[in-house]
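Structure record follows, encoded as structure tokens.
The values are calculated or read from the model by the stated rules, or taken from the named source; none is laboratory data. Note that this is a predicted model, so its numbers are computed, not measured. With ideal geometry, Cβ positions are generated from the backbone for all residues, glycine too; neighbour counts draw on all protein chains shown. Just the protein is used for accessible areas: all its heavy atoms, side chains included, with ligands, DNA and RNA removed. Shrake-Rupley method; radii C 1.70, N 1.55, O 1.52, S 1.80 Å.
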Amino acid sequence: MYALDGKVALVTGAGRHRGLGEAMAKRLAAEGAEVVITDIGAEKGQQFAAEHIGTTAEMDEIASEIVAAGGTATPHICDVLDEDQIVGAVKKAVDTYGRLDIMINNAGIGYLMTDILNLEQKDWDAVLNVNLRGVFFGIKHAAQQMIAQGDGGSIINIASQAAKRGFAGAAAYVSSKHGVVGLTRTAALEFGPHNIRVNSICPNHVTTGLGAWQNEHFSAAGGQSEDDYLSAMQSRIPLGRVGLTSDIASTAAFLCSDQAPYITGQNLDVSGGEEMH
Ligand SMILES: NC(=O)c1ccc[n+]([C@@H]2O[C@H](COP(=O)([O-])OP(=O)(O)OC[C@H]3O[C@@H](n4cnc5c(N)ncnc54)[C@H](O)[C@@H]3O)[C@@H](O)[C@H]2O)c1
């Protein structure tokens, strides 16, 4: 529907089943893009507990599933904390498929959440460094490649509803996602003259691996069952349901396609109407 034939995409944090990155990578491949699937690779650094991140085996499986479905994908380990690894991931796209047209900065951590009085610097730094600095590295090196190619490109950053309002108990996450909004606007200004469009998507809740942890954490913190917590959430959403990975994947496919040539610098709520600004 969005005809991404001939386009090459790189998605960070796309190596976890049920994740937004997996869904976006699969959708882009289904639209014809050649996709580099990257993730931290759980057995590599082990800086974060394995239950919160995609394993290398999962990442390889996701790439194989795309190929089995008739698409084109290659897996590649890339820790977004490390600028050299981002440079390496962009190089992987260029070496494998000849160019880079679409960069999706999706990798993020949505745990390490506590109230400000109990928030330690190491957790603040971990969240800000993955969610904001990692996006900065991704934008910088994707844009460099796209400028060298000379025919534009599309960069999509996955922000959050938490980029648009505060959430008690999630200061580092909220701050990182608000930062992504400012970074998106600034990058859109700097790269507009190169026809590189930079947008972010702001999802509300999706029950991915990260989302499942948040359901457990915030329902327990509020003394609610997970069912009650989710029902209360749904009752606040005009469209009456939480988000699906497919909602985000179809938005990404649209934004990076030639159907959105005049959209840049936007931080698009995909939240069933829960967020409207
Ligand atoms: N699920 C939600 O409700 C929701 C809502 C709004 C925004 N988001 C954002 O969407 C993005 C994807 O989250 P998800 O819900 O699909 O969760 P997820 O846990 O499935 O995906 C996050 C991915 O990021 C990877 N990652 C973590 N640290 C990394 C690092 N240093 N380098 C490379 N990869 C790393 C993980 O391995 C994982 O595969 C995140 O940025 C998240 O903040 C999620």
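What about Glu58, is it modelled with pLDDT under 95, over 26 Å from Ala172 (Cα atoms) and not hydroxyl-bearing (Ser, Thr, Tyr)? So Glu58 fits the description; yes.
Within the range 1-53, the set of residues being open to solvent by less than 10 Å² (accessible area, probe 1.4 Å), of a type outside the set (A, V, I, L, M, F, W, C) and assigned to a helix (DSSP H, G or I) comprises Gly21 only.
So, in the range 166-184, exactly how many residues are in contact (Cβ under 8 Å) with a residue 40 or more places away in the chain and in contact with a helix residue (DSSP H, G or I) (Cβ under 8 Å, 6 or more places away or on another chain)? Write out each step before concluding.
Start the filter on the range 166-184 by keeping residues that are in contact (Cβ under 8 Å) with a residue 40 or more places away in the chain, which leaves 168-173, 175-177, 179-181, 183-184.
Still in the running and in contact with a helix residue (DSSP H, G or I) (Cβ under 8 Å, 6 or more places away or on another chain): 169-173, 175-177, 179-181, 183.
The number of residues fulfilling the criteria is 12.
For (1) assigned to a helix (DSSP H, G or I); (2) open to solvent by 40 Å² or more (accessible area, probe 1.4 Å); (3) out of contact with any Ser or Thr (no Cβ under 8 Å at 6 or more places or on another chain); (4) closer than 12 Å to Ile40 by Cα, each residue gets a yes or a no:
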position	(1), (2), (3), (4)
Met59	yes, no, no, yes
Ala63	yes, no, no, no
Ile66	yes, no, no, no
Val80	no, no, no, yes
Thr96	yes, yes, no, no
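Just a yes or no: is a residue in the range 85-95 within 16 Å of Ile158 (Cα to Cα) and within 15 Å of the ligand (Cβ to nearest atom)?
Taking the range 85-95 and keeping what is within 16 Å of Ile158 (Cα to Cα), we get none.
Looking for residues that are within 16 Å of Ile158 (Cα to Cα) and within 15 Å of the ligand (Cβ to nearest atom), one finds none in the range 85-95, hence no.
For the range 197-225, a residue qualifies if it is near the ligand (Cβ under 7 Å from one of its atoms), assigned to a helix (DSSP H, G or I) and either open to solvent by 10 Å² or more (accessible area, probe 1.4 Å) or modelled with pLDDT of 95 or more (or both), and the qualifying residues are Gly209, Leu210, Gln214. A Cβ distance below 8 Å, combined with a sequence gap of six or more or placement on separate chains, defines the contacts here; from the range 42-58, residues that are of a type in the set (Lys, Arg) reach residues that are within 7 Å of the ligand (Cβ to nearest atom) and at pLDDT 90 or above in the pairs Lys44/Asp79. Quick test of your reading of the structure: Thr114 fulfils all but one of (1) open to solvent by 20 Å² or more (accessible area, probe 1.4 Å); (2) part of a helix (DSSP H, G or I); (3) more than 12 Å from the ligand (Cβ to nearest atom). Name the failing condition by number. Condition (2) is where Thr114 drops out.
Would you call Asp123 in contact (Cβ under 8 Å) with a residue 12 or more places away in the chain, under 25 Å from Glu275 (Cα atoms) and of a type in the set (Asp, Glu)?
Numbers: in contact (Cβ under 8 Å) with a residue 12 or more places away in the chain: yes; under 25 Å from Glu275 (Cα atoms): no; of a type in the set (Asp, Glu): yes.
No.
Filtering the range 145-189 to residues that are of a type in the set (Phe, Trp, Tyr) and surrounded by fewer than 21 Cβ atoms within 10 Å (Cβ to Cβ) leaves only Phe167.
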